[in-house]
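The values are calculated or read from the model by the stated rules, or taken from the named source; none is laboratory data. From a predicted model like this one, the values you see are computed outputs, not experimental measurements. So basically every Cβ, Gly included, is an ideal-geometry build from the backbone, and we count neighbours across all protein chains shown. Accessible surface is based on the protein model in full, side chains and every heavy atom, while ligands, DNA and RNA are left aside. Shrake-Rupley method; radii C 1.70, N 1.55, O 1.52, S 1.80 Å.
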Amino acid sequence: MEKSAQLAVFVTTRNHALVELPPSVAKYVEAGLHGAENTKRGYAADLRSFQDFCEHHNLVHLPADVTTVAAYVSELADRGLKLATIRRHVAAISKLHQLAGQQSPTNHEALNVVLDGIARVIGKRQRQAPAFTVAELKQAIRAMDLTTPTGLRDRAVLLLGFAGAFRRSELVALNVEDIELTRQALVIHLRQSKTNQYGLEEDKAVFYSPSVDFCPVRAVQEWIECMGRNSGPLFTRMNRGAKDSPAQPSKHRLTDQSVNDLVQRHLGAIYSAHSLRASFVTIAVEAGQSNKAIKNQTKQKTDAMIERYARLDDVKRFNAAQFLGL
């Protein structure tokens, strides 16, 4: 069967000129324009929302006028969406126009004024997932039924998620073959993450704990032994067992939302999956660890991100006034 002729690829530059590139670069162009999978899914949902808004108000969504986008983001703000979420919607609209070779209205100064106004009204400080203490984490582990596969999985998720400062998207993306056990530590090979979208190999190291009950390395080992396989998703959903028998590991990967539900089920509704990462940073800062040491685990790029993630606003726990020597 004869292959269809490959077509040239046209890429829109920042000044909206079209550059013709050879067909051989098509896959790289697509990857460069689309970005990470989570970003693509988020953009798709945001664009559906924008298109629905335009259809409801008889407006054109492509190319969109700056007044249309301004009205849209204002409605999002009125609905109580967070500033970061609104900016993501704007980024999706910008990407839509870029892919279509159209000038984006999101670069207009008038829209920036509207966004600045929204930031002032709804506030730039977003509600952040609180950090739990090590004592709270240990209490949650003690309450688990570790005679069941579900208990073994949940313990491994919490301990690895916390000790590795993982994002939930990174946790659910892990495969068993990404785990390497060494004498010093459990080394996790990250294939891709939010801050590493180019697939450069990054490693996290999780160390043995003196206590068997709270050791993330042993917890992961026991969970893998429970699954009985050496490849595929590391953390999976559970299949309901027969009556009076515990649920068993399935082959289906755990979802982002499932990690969030798992954290709240064991640690409390005030926490979220993001608390795993925030708690690591907070406790590490409290213990006097350097930003360099913290970033080596979190893979954050700047010291400013450490400040953003650390939950150090408890005036009773973190206050220089208690060290005045009075």
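Among Lys204, Lys301, what's the order by accessible area (1.4 angstrom probe), most exposed first?
Lys301, Lys204
What does the charge count near Trp223 come to, summing +1 for each Lys or Arg and -1 for each Asp or Glu among other residues with Cβ under 13 Å from its Cβ?
So the environment of Trp223 carries a net charge of +1.
Packing-wise, with mean Cβ within 10 Å as the measure, how do 172-183, 156-167, 68-79 rank, highest first?
The packing order, highest mean first, is 156-167, 68-79, 172-183.
Go through Leu137, Val90, Ala119 and say which Cα lies farthest out towards the positive end of the charge dipole of segment 66-137; charges sit on Cβ, +1 for Lys and Arg, -1 for Asp and Glu.
My answer, from the dipole projection, is Leu137.
Mind checking the per residue accessible area of segment 49-88 for me, 1.4 Å probe, whole number of Å²?
56 Å²
Quote to one decimal, in nm, the extra length available between Ile122 and Arg265 on full extension: 0.36 nm per residue of separation minus the C-alpha distance between them.
48.5 nm
Given R₀ = 35 Å, what would the calculated FRET efficiency be for Asp52 paired with Ala247, taking r from the Cβ atoms and rounding to 0.05?
Here the calculated transfer efficiency is 0.35.
What does the charge count around Phe214 come to, taking other residues whose C-beta lies under 11 Å from its C-beta (Lys +1, Arg +1, Asp -1, Glu -1)?
That sum, taken over residues with Cβ under 11 Å, equals +3.
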